[in-house]
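Accompanying notes for the structure given below.
Values in this text are rule-based calculations from the coordinates and carry no lab data. The structure displayed is predicted, hence computed values, not measured ones. For neighbour counting, all protein chains shown are included, and Cβ atoms are generated from backbone atoms with ideal geometry for every residue, glycine included.
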Amino acid sequence: MGDRIRITDETQVSFGLENCEHPVFAPDGRRLVYYGGVYGWIQLHVVGADGHGARPLTCGRGNHTQPAFSPDGRHVWFRAQARNEAPWTVQRVAVDDPDDCVVVLADPKVSFKHPSVAPDGRWLAWFSDEGSPGNFHLFKAPLDGDRLGRRVQLTAARDRNDCHPTWSPDGTRLAFHAYLGVTEAGASHVFTCDADGGDVRQLTREPGFHKHPFFVGRDLVVHHTESTTEKRRLVLRRAADGAPVGDLTSGKHRDKHPSPFVPTRGPTRICFASKRRGVALPGEEPNYDVFWGVLEGVPVRR
């Protein structure tokens, strides 16, 4: 692969006294969205890639997490919870007009989590326990603005909880992670499937928790991983068969939630949450902040 695979030229874009996590790049790479705050009052924030111009996208009681940009960059999709322990809803907010916020999926007895819009903007994927309380599966539906067509259930495994769907650049596959065991999972692994839920492939096999996958170009998947003996680190794998390509971080700073920006030209960037420069309060560990850096040492096919 040439140079050592790594993330370089890191830029810090959040500086909170509370944890800031789960960042994603806008489609043009100029901005990022992440969530931060205390449980019960977690909000979404948008910030320039240079770390300037940070402002909230949500401001209300409850929890607002797992953001995902629309392909045109005009909206952010996210999951929201009115109060702790309440079911989760899926909502959409306009990036430049936070008052323009609509609820898209909601049910008093069902949770809808981690919305993800297909690259062509025509489908929304998410995971939910609709129809199987406490057992989560992947779903999708055709998308027209903020209106959904007929829902399609993509997975139905009774011995795992499927979570965190994200699309391949061409929209033909989804990456996700699954907790093995419905109630007390001892591991989670990264999988991919085709856009209709078929051709399921397990990419990780090593013991531990492998989570939050994103496609990096056509051929690679990035995720974070941890085990009882190793702290969270960022890992790159081949999307076709899960063969390891390399560790992007050592685990020293408990890095997690990686997400890529792959431009038409120029280097690929990876954003992530890390404790590397977090503020340490008396008697507590450093908090998570949001960083991004340049992926080096491996070619990325767009």
| remark: Diffing the range 30-46: the Karplus 3J(HN,Hα) column from phi (6.51, -1.76, 1.60, θ = phi - 60°), in whole Hz with x for Gly and Pro, holds 8, 9, 10, 10, 8, 10, x, x, 8, 4, x, 8, 8, 10, 8, 9, 10
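Find how much the distance from residue 194 to residue 218 grows on full extension, using 0.36 nm per residue of separation minus their present alpha carbon separation; answer in nm with one decimal.
Values: separation 24, 0.36 × 24 = 8.64 nm, distance 1.35 nm.
Contour length minus the Cα-Cα distance gives 7.3 nm.
Take the Cβ-Cβ distance between residue 147 and residue 99 as r, set R0 to 30 Å, and report the resulting FRET efficiency rounded to the nearest 0.05. Spell out each step's value before the answer.
Values: r = 20 Å, r/R0 = 0.66.
Calculated transfer efficiency: 0.95.
Quick one: of the DSSP bridges fully inside the chain, what percent are antiparallel, nearest 5?
Values: 89 of 92 bridges.
If I count the DSSP bridges inside the chain, around 95 percent turn out antiparallel.
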| task | Would you work out which of 7, 89, 145 lies farthest towards the positive end of the dipole of the chain? Charges go on Cβ: Lys and Arg +1, Asp and Glu -1. | result | 7
| task | Work out the FRET efficiency for residue 265 and residue 85 from their Cβ-Cβ distance, taking R0 = 51 Å, and round it to the nearest 0.05. | result | 0.65
| Spin-label proximity, residue 122 to the range 162-205 - amide N less than 19 Å from point 7 Å beyond Cα toward beta carbon | 166-175, 194-198
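Cα-Cα over 20 Å: which of 109/211; 211/256; 109/256; 113/211; 113/231; 113/275? Display every interim value, and only then the final one.
On the way: 109/211 26 Å; 211/256 9 Å; 109/256 30 Å; 113/211 15 Å; 113/231 26 Å; 113/275 25 Å.
109/211; 109/256; 113/231; 113/275, as the Cα separations exceed 20 Å there.
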| Using +1 on the beta carbon of Lys and Arg, -1 on that of Asp and Glu, and nothing else charged, what's the dipole of the chain about the Cα centre, debye to 20? | 320
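What is the dipole size for the range 127-230, taken about its Cα centre, with +1 at each Lys and Arg Cβ and -1 at each Asp and Glu Cβ, in debye to the nearest 20?
Working: 11 positive and 15 negative charges, 39 e Å.
With Lys and Arg at +1 and Asp and Glu at -1, about 180 debye.
Using alpha-carbon pairs under 8 Å, 6+ residues apart, how would you state the relative contact order of the range 6-296 in percent? Numbers along the way, then the final one.
On the way: 852 pairs, mean separation 44.8, N = 291.
Reported as a whole number, the value is 15 percent.
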| task | Work through the residues other than residue 231 whose Cβ is under 13 Å from its Cβ and net out their charges, Lys, Arg +1 and Asp, Glu -1. | result | +2
